[in-house]
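The block underneath contains the structure these notes are about, expressed in C-alpha cells.
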Amino acid sequence: VRGGLLRSEHGETSEAIFMNSGYVFKSAEEAKARFAGESEGYLYSRYGNPTVTMFENRMALNEGSESCFAAASGMAAVFASLMSYLKSGDEVVSSRALFGSCYQIIDQILPRYGIITHLIDGTDLSQWEKHVTNKTKCVFLESPSNPTMEIIDIQAVSKIAHQHNALVIVDNILASPVLQKPMDLGADIVVYSGTKHIDGQGRSIGGAILSSQQLYEEYIKPFMRHTGPTLSPFNAWILLKGLETLEYRMDQHCHNALKVANYLSQHPKVEKTIYPFLKNHPQYALAKKQMSKGGSIVTFIIKGNNAFEFMNALNLFDISNNLGDTKSLVTHPATTTHRVIGEEGRKKLNIPDNMI
C-alpha cells in the first residue's frame, strides 16, 4: 500500500495523477544532460511518468522483481515481452493452452516476422524436452490457462529452458501475484493484464512486464520507449488503487469460486467441472504446490448444446468477456475470447461449444 509512493510537495495522502505529456527543464544544459542519461528525471510521458512509476514500483514489490515496465494493455505487455527480445530466425516454444489473442500472437503474428514457433501440450514435460533446443530463444506459457485451467509445471519447464539458455516468459494473469510467484519458480519475465484482477472493477485497460534489471535495461525499456505502448497516467492511478485491495479480493474470489466449483461438480446437468483446486483436476497436486489458492475462474461443460440458453437464464451473472471483476461474470469462450482461432484451433485446445 505504501510501496512506491512518490508524494509531491503538497503532501497528499493518495497518489497524485500527473496528467502531463512533457516536462520542463531549467535550462538547455539540463535538457541535454537528462536526455544523455547524465542526470535523473523525467523526459516525456511515453518514456516515464510519476504516476506510472508509482504503479511500476508497486507491481515490482508485489511480484518480488527487480523492475517493471507498465504497458497500455495486457496484450501489449505480452507482445512487447516477446518482440523486445526476438528477431527473425529465432525459435519460440509455447504451451498451446492460451488466451485467444496470445494464441494468435504465437501462431500467426510472430511467424510474419520470421520467428519460428512451436505450440505444444504444456502439461507434458516430454514435449518441452523434445521441442526446447539450443535454437530456442524463449518459451512462453500461461498457468492456469484461460479457459481450460491447465496447470504447467513452471519450475520444471524453467529448468529445461535454462539448460538451453532460453528465457522463460509466464503470463500470470489468472493467478495474479497474490496466488503465484512465477519468478520464485524460475521464470525470467512475468506479464500481466492489469485490466483483470489488478483493477478488479472493470474500469481501465493496462498491463505490466516484470523482469530482472538487466532484461529491463537491455531489451524491454528500449522497445517500450520507442514503440510507445505505454500506460496512461490516469489508468496507472486506477490500477494503483486496485492494488491496495488485490489480496483481499483474490481471497474472496477464490473462496466463492471453490464453492461454485464444488456445486457444479455434483450437478447432474454438468458434464465436467474444471477448477485447479478440485481434487479431480488432473494437475491438482501441482496446482496446490505452486499456487496458494485456486483462482477466480471456474470452467465447466454442460450436457447438451444449450450453452446460450443457460447463460441467458442467469440472473446474478452478467454475460461479458472480462474477468476478475467485483461483479460475477460468465463467458462463452467459443464465440468470444477464442472465436478468432477457429473451430479446428478450439478442438486442439479442448474448447467445445458447450464450455462456459
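The values are calculated or read from the model by the stated rules, or taken from the named source; none is laboratory data. Just so you know, these numbers come straight off a predicted model, no measurement behind them. Here Cβ is always computed from backbone atoms with ideal geometry, including for glycine, and neighbour counts include all displayed protein chains.
Given the options Lys327, Lys303, name the one that is at pLDDT 95 or above and basic (Lys, Arg).
Lys303
For a quick check of your reading of the model, give me the residue pairs whose first member lies in region 335-356 and is touching a residue at least 24 places away in the same chain (Cβ under 8 Å), whose second is among the β-branched types (Val, Ile, Thr) and assigned to a loop (DSSP other than H, G, I, E, B), with beta-carbon atoms closer than 6 Å and at least 6 apart or on different chains.
That search, which allows pairs on different chains as well, returns His338/Ile351; Asn350/Thr148.
Yes or no: Thr117 closer than 30 Å to His332 by Cβ, in contact with a strand residue (DSSP E or B) (Cβ under 9 Å, 6 or more places away or on another chain), polar (S, T, N, Q) and part of a loop (DSSP other than H, G, I, E, B)?
For Thr117, the condition - closer than 30 Å to His332 by Cβ, in contact with a strand residue (DSSP E or B) (Cβ under 9 Å, 6 or more places away or on another chain), polar (S, T, N, Q) and part of a loop (DSSP other than H, G, I, E, B) - is not met.
Here are some conditions: (1) in contact with a Phe, Trp or Tyr (Cβ under 6 Å, 6 or more places away or on another chain); (2) farther than 22 Å from Ala166 by Cβ. Tyr44 meets all but one. Which one does it not meet?
(1)
Would you confirm whether or not region 179-195 contains a residue that is more than 24 Å from Gln163 (Cβ to Cβ) and in a helix (DSSP H, G or I)?
yes
Would you check which residues across region 307-334 are without any contact (Cβ under 8 Å) to a residue 12 or more places away in the chain and either within 19 Å of Lys272 (Cα to Cα) or hydrophobic (A, V, I, L, M, F, W, C) (or both) and list them?
The answer is Glu309, Ala313.
Working carefully through the options Ile198, Ile238, Ile160, find the one that is under 16 Å from the mean Cα position of the chain (by Cα), modelled with pLDDT of 95 or more and not charged (D, E, K, R).
Among Ile198, Ile238, Ile160, only Ile198 is under 16 Å from the mean Cα position of the chain (by Cα), modelled with pLDDT of 95 or more and not charged (D, E, K, R).
Look through region 75-93, keep the residues that are over 15 Å from the mean Cα position of the chain (by Cα) and touching a residue at least 40 places away in the same chain (Cβ under 8 Å), and return whichever of them is nearest to Glu142 (Cα to Cα).
Of everything passing the filter in region 75-93, Val93 is nearest to Glu142 (Cα to Cα).
Just to be sure before I move on: is Met59 within 21 Å of the chain's Cα centre (by Cα), more than 30 Å from His131 (Cβ to Cβ) and surrounded by 15 or more Cβ atoms within 10 Å (Cβ to Cβ) in the structure I sent?
Yes, satisfied.
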